[in-house]
Amino acid sequence: MNLSAPPIQRSKSLHQQTYEALRSSILSGQLAPGDRLVETQLAQQLQVSRTPIREAIRQLQREGLVKADGSGGLRVTAISVLDAMQLYDCRLALEQLSVVEACQNASQDQIERLASYITTAEDLMKHAGFPTSGRQAEQLLELDYRFHRLIAEGANNSWLVFLLDQVFDKMALLRMETTRHNPEVLEVRLEHRQIYEAIANRDRSAAAQAIQRHLTASKTRVIKSIKNLHPDQIRL
């Protein structure tokens, strides 16, 4: 385990900075699902005492990003096949509401930003094909996240954004591993464009159908990838 996060600075509380550094390392895949969190190692790498490390880990536990293992240790949460299926079901329920409300409430600026995310992803894939490096996969994952979150913001419902953020965090644990082994799960350009066009046309029915097709197809791709990676395991 070797974090590339810079040493903690003193402009914020140590707890907040430590929490943000660990959370970023988890969601970026530096700390992978199943990795054990050792307080002394983390404290040394981030150049803080064990107290803010311990407080940060407790907060990450409350968010479901860290879990206790059977031996009394703490590990980055691993997402099971069942977890993945349920997360996608939650996304489907929430994002159908998201796209329908975005058709009515999204600003022109938000719609143009959705288009820019799609264009950027298309350009990236045009030059690189399926991602051949971790950096390319990270860029596509970030564009995917921004696309879906911006639709939620366009719905003009802060509680919807809050709930989706909880789901997106858990999805990040899942997507980082599957994309490393099967980059094709990131091939969502056409599906995103169909969603965008429905929102741009303020067509609520078409938007709901497009997001359902997209998330159902994505769920199938990701679940298949997990099963191929871990054919004999229930959990990742």
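Computed from the coordinates by the stated procedures, all read-outs in this text should not be read as laboratory data. Fair warning: this is a prediction, and the values are worked out from it, not measured in the lab. Because the Cβ atoms are built from the backbone with ideal geometry, glycine has one as well, and the counts that use them run over all protein chains shown.
Odds and ends about this structure:
- You can think of it this way: the chain between SER24 and GLN61 has 11.9 nm of extra reach, that is 0.36 nm per residue less the Cα-Cα gap.
- Mean sequence separation of contacting Cα pairs (under 8 Å, at least six apart), scaled by the length of the range 14-76, corresponds to a relative contact order of 43 percent.
- Rh by Kirkwood over Cα pairs, then Stokes-Einstein D for the range 81-229 at 1.567 mPa s and 4 °C, µm²/s: 85
- Across LYS67/LYS227; LYS126/LYS227; LYS126/LYS170, pairs whose alpha-carbon gap is larger than 24 Å: LYS126/LYS227; LYS126/LYS170
- Residues whose placed amide H lies under 5 Å from that of VAL66, excluding near-sequence neighbours: GLN61, THR77
- Cβ-based net charge around ARG23, under 13 Å, with every Lys or Arg adding one and every Asp or Glu removing one: -2
- Distant-in-sequence amide H partners of LEU74 (H built 1.01 Å from N, under 5 Å): LEU37, ASP69
- Fewest-first sequence of CYS90, CYS103 by Cβ atoms within 10 Å of each Cβ: CYS90, CYS103
- Karplus-based coupling profile of the range 88-99, in residue order and whole Hz: 5, 5, 5, 4, 4, 5, 6, 7, 5, 5, 4, 6, with θ = phi - 60° in 6.51 cos²θ - 1.76 cosθ + 1.60 and x standing for Gly or Pro.
- Each Cα pair under 8 Å and six or more residues apart adds its sequence gap; the mean of these over the residue count of the range 81-229 is a relative contact order of 41 percent.
- Order of LYS227, LYS219 - criterion: other Cβ atoms within 10 Å of each residue's Cβ, fewest first: LYS227, LYS219
- In the range 81-229, taking the dipole from charged Cβ atoms about the Cα centre, the farthest positive-side position among GLN86, LEU143, ALA172 is held by GLN86.
- Between amide H atoms placed 1.01 Å from N, distances below 5 Å from SER80 occur with LEU236, all of them 5 or more places distant or on a separate chain.
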